[in-house]
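Colleague: The structure under discussion is supplied below as structure tokens; questions concerning it will follow.
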Amino acid sequence: MTRRLLRFPILCGLSAAMLTLAVACQRESPVEDLDPYVPTATIKELMLSVIDPAADVVWGAVTAVMQDDLVELAPVDEEEWEQVRHAAITLAEAANLLMVPRHVAPPGDTSFAPGVELEPEEMDALIAENRDVWQARAAALRDAVEDVLAAIDERDADGVFRLGEGIEIACEGCHSTFWYPGELIPDFPGEPSDTP
């Protein structure tokens with residue numbers, strides 16, 4: 001009986017030490033071990049609120065079309081270059097946000113072009129079935145923006161203009177896969193046709 005009573009404080013002390021160690025280890029754990037993020041925005045809201053405005057700043061900083069003429073533009077000072085850089089960083093991080101599972105649109109939302117675009121529920125299902133493709137498309141956008149960021153850091157307006165097309169290609173690759181996969185896009189005049 002006495003031995004059991006002596007062992008009890010020792011076991012309590014060991015338990016307390018193990019609990020303290022476990023808590024300390026949890027505090028030092030990497031971010032990946034934290035609870036998953038709970039998104040506030042849908043993909044549509046993320047596009048309208050973050051992605052489209054940021055992309056417009058990047059694209060609009062280096063060129064403009066006025067009455068069918070191409071007018072060369074470029075940031076004129078450090079402040080303007082920093083504004084373009086901030087937009088590019090926002091766009092790159094928004095690509096990461098696309099990888100966080102979330103619904104395509106708010107409940108009850110419908111397609112703007114039924115029969116051409118998928119309905120939000122159809123897009124949700126398509127993304128869920130092809131999650132690896134979705135992640136790869138989002139990563140392609142992020143990578144394209146990182147290329148543009150490098151040109152921004154070099155203050156290379158021509159590079160931003162040229163590499164900005166990669167952002168467009170990444171966006172269209174995702175849209176044509178998950179938004180309007182059945183849409184037939186006609187060839188531009190003078191381009192060779194893919195169909196016989």
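Each reported figure results from applying straightforward, stated rules to the coordinates on display, with no laboratory input. Since this is a predicted model, take the numbers as computed values, not measurements. A quick note on method: Cβ atoms are made from the backbone with ideal geometry, for glycine too, and the neighbour counts reach across all protein chains shown.
Colleague: Compute the length gained on full extension between GLU168 and VAL76: take 0.36 nm times their separation in residues and subtract their Cα-Cα distance, giving the result in nm to one decimal. All intermediate terms of the calculation are to be shown ahead of the outcome.
Modeller: Details: separation 92, 0.36 × 92 = 33.12 nm, distance 2.42 nm.
Length gained between GLU168 and VAL76: 30.7 nm.
Colleague: Next question. Which value in nm describes the separation of the simple spin-label points at LEU48 and GLN135, placed 7 Å from the Cα toward the beta carbon?
Modeller: If labels sit at LEU48 and GLN135, their model points lie 2.9 nm apart.
Colleague: Separate question: Counting only Cα atoms, I'd like the Rg/Rh figure for the stretch 84-182, Kirkwood definition for Rh. Before the final figure, lay out the partial values.
Modeller: Numbers: Rg = 15.1 Å, Rh = 14.5 Å.
Result for the stretch 84-182 is an Rg/Rh of 1.04.
Colleague: Moving on to the next point. With an 8 Å cut-off on Cα pairs and a minimum separation of 6 or more residues, tell me the relative contact order of the stretch 52-172 in percent.
Modeller: 29
Colleague: Another question, if that's okay. Taking the Cα centroid of the stretch 47-63 and of the stretch 131-177, what is the distance between the two, rounded to the nearest whole Å?
Modeller: 12
Colleague: Cut-off 19 Å, label point 7 angstrom out along Cα-to-Cβ of VAL38: give me the residues of the stretch 105-131 whose amide nitrogen falls inside.
Modeller: Under 19 Å, as judged by backbone N against the label point of VAL38, lie 105-107 of the stretch 105-131.
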